[in-house]
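Remarks on the structure that follows.
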Amino acid sequence: MAVTALKQNAEPTFGSTPVRPLAIANWLLFVACMVLIMVAVGGITRLTESGLSITQWNPITGAIPPLNEAQWMAEFDLYRATPEFINESGPAGMDLAAFKFIYFWEWFHRLWGRLIGMAFALPLAWFWIKRSIPTGYKPRLLALLALGGLQGVFGWYMVRSGLSGTMTDVSHFWLSIHLLTAFFTLGGLTWTALDLRALHRDPAAKPARFTPIAWIAGIILFIQMLLGAWVAGLNAGLASDSWPLMQGGFVPEWNSARGLFWGLTHDPYLLHFVHRWWAWIVVAALVIMARKVRSLDRRASIAIHSAFGTQILLGIATVMTGVALWLAVAHQIVGALLVAAFAWGAHALGRSGHGGL
């Protein structure tokens with residue numbers, strides 16, 4: 001009996017070299033936690049209007065902040081030349097101390113991105129050299145590494161979009177690409193870690209596949225995340241501080257002169273309205289999905305219900321407090337947790353084959 005148990009818990013092998021699916025899974029979950037922190041820091045950076053405080057992208061030297069007064073003044077002068085500073089007449093009479101505050105959040109946001117890159121690339125190289133990566137997983141791990149690199153590139157394009165013309169903010173389209181790439185990376189890390197954990201339990205286990213119900217729920221959730229990113233980018237959370245009504249009515253007044261498509265992509269009042277009510281379509285889709293997940297993995301079902309329930313409450317609280325900083329950040333963090341919970345539930349369905357309609 002003891003010999004059998006030892007054999008069941010032993011690492012599978014590739015030829016004479018042991019692969020380490022559980023170790024790689026735990027590493028990916030650690031990186032996923034770092035991405036979750038990144039989402040939180042990104043939310044703070046956005047809400048404190050810190051994103052344009054660093055006007056250059058220096059992947060190596062940019063890791064070192066200004067070290068003396070002259071360097072600080074040089075950075076402050078670069079910021080004072082931006083459209084945000086000029087067109088807003090120097091935000092709230094900003095002095096150097098206030099600039100240092102917003103600079104810190106953008107600098108820390110970029111630094112944490114560098115740390116995530118190192119936390120992924122260095123262990124990946126180690127596992128690769130040691131031939132510890134199971135067959136078929138190298139392309140997926142390289143894809144996750146590429147997503148991390150793209151995240152940095154998209155982040156710079158987002159910042160650059162707010163440094164020209166009369167822009168006083170970054171493009172909400174680039175912001176949505178930047179944020180959704182982070183969510184997609186988080187989901188990919190979670191999914192791959194779950195595949196590897198299954199492989200650790202059963203060396204013959206195959207990767208899970210997306211099922212029809214997961215596709216439908218995922219698309220509905222993606223639309224809500226996209227709307228949320230646009231709401232953040234256009235400061236549309238400030239369009240109303242009441243719930244469920246807006247401006248004393250159910251449907252707010254919005255600029256319809258340029259058509260529905262423009263309104264859905266640019267008008268803060270219409271975007272706020274659609275975001276708050278599309279949430280209930282998301283809830284319906286996730287409830288149906290979670291009911292199917294429950295018999296397969298009760299913890300995943302609970303995670304989905306808990307995440308969307310908390311997200312709804314935080315969204316309402318964020319609106320009614322006029323977008324209080326920490327509530328808005330919590331709303332974004334739980335949004336990321338909802339993505340991870342969705343990936344967990346979708347993976348359970350994909351391994352069982354019970355994800356049909």
About the Cα centre of the chain, how large is the charge dipole given +1 on each Lys and Arg Cβ and -1 on each Asp and Glu Cβ? Please answer in debye to the nearest 20. 1940
Would you work out if the stretch 291-357 is rounded, prolate or oblate? Take a ≥ b ≥ c from the square roots of the eigenvalues of the alpha-carbon gyration tensor; rounded if a/c is under 1.5, else prolate when a/b is larger than b/c, oblate otherwise. prolate
Fluctuation leader among Ala208, Ala239, Ala97 - the chain, Gaussian network, Cα springs under 10 angstrom: Ala97
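With a 1.4 Å probe and all protein chains in place, put Asp241, Asp202 in order of accessible area, largest first.
Working: Asp241 105, Asp202 75 Å².
Sorted by accessible area, descending: Asp241, Asp202.
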Measuring from label point to label point, each 7 Å out along Cα→Cβ, what is the Leu22 to Ile129 span in nm? 2.5
Residue-normalised 222 nm signal for the chain, counting each DSSP H run of n ≥ 4 as -39,500 (n - 2.57), nearest 500 deg cm²/dmol, is -24000 deg cm²/dmol
With every protein chain left in place, what is the accessible area per residue of the stretch 14-101 in square angstrom, probe 1.4 Å? 49
What percentage of the solvent-accessible surface of the chain, computed with a 1.4 Å probe over protein heavy atoms, is contributed by carbon and sulfur atoms? 69
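Keeping every protein chain in place, order His178, His305 by accessible area at 1.4 Å, biggest value first, i.e. largest first.
Details: His178 30, His305 70 Å².
Highest to lowest solvent-accessible surface, that is His305, His178.
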Range in the chain, longest, excluding exposed chymotrypsin sites (Phe, Trp or Tyr not before Pro) [loop by DSSP; at most 16 other beta-carbon atoms within 10 Å]: 58-209
The stretch 273-357 - accessible surface per residue (Å², probe 1.4 Å): 46
List the aspartates and glutamates whose alpha-carbon lies under 19 Å from that of Lys206, not counting same-chain residues fewer than 8 positions away? Glu11, Asp195, Asp297
Can you give me the C-alpha center-to-center distance between the stretch 242-314 and the stretch 51-69, rounded to a whole angstrom? 37
What fraction, in whole percent, of alpha-carbon pairs in the stretch 134-193 exceed 14 Å separation? 60
What nm value, rounded to one decimal, do you get for the distance between Arg201 and Val287 when each label is placed 7 Å out toward the C-beta? 2.9
On the full set of protein chains, 1.4 Å probe, figure out the accessible area of Val39 and give it in Å² to the nearest 10. 10
As computed over the chain, the Cα convex hull volume per residue (Å³): 160
How far apart, in nanometres, would the label points at Met320 and Phe210 be if each is projected 7 angstrom from Cα along the Cα-to-Cβ direction? 3.6
Given GluC sites (Glu not before Pro), DSSP loops and at most 15 other Cβ atoms within 10 Å, the longest exposed-site-free stretch of the chain is 89-252
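The values are calculated or read from the model by the stated rules, or taken from the named source; none is laboratory data. Not measured: the values here are computed from a predicted model. Note that each Cβ is placed from the backbone with ideal geometry, even for glycine, and that neighbours are counted across all protein chains shown. The area values use the complete protein model at the heavy-atom level, side chains included, leaving out ligands, DNA and RNA. Shrake-Rupley method; radii C 1.70, N 1.55, O 1.52, S 1.80 Å.
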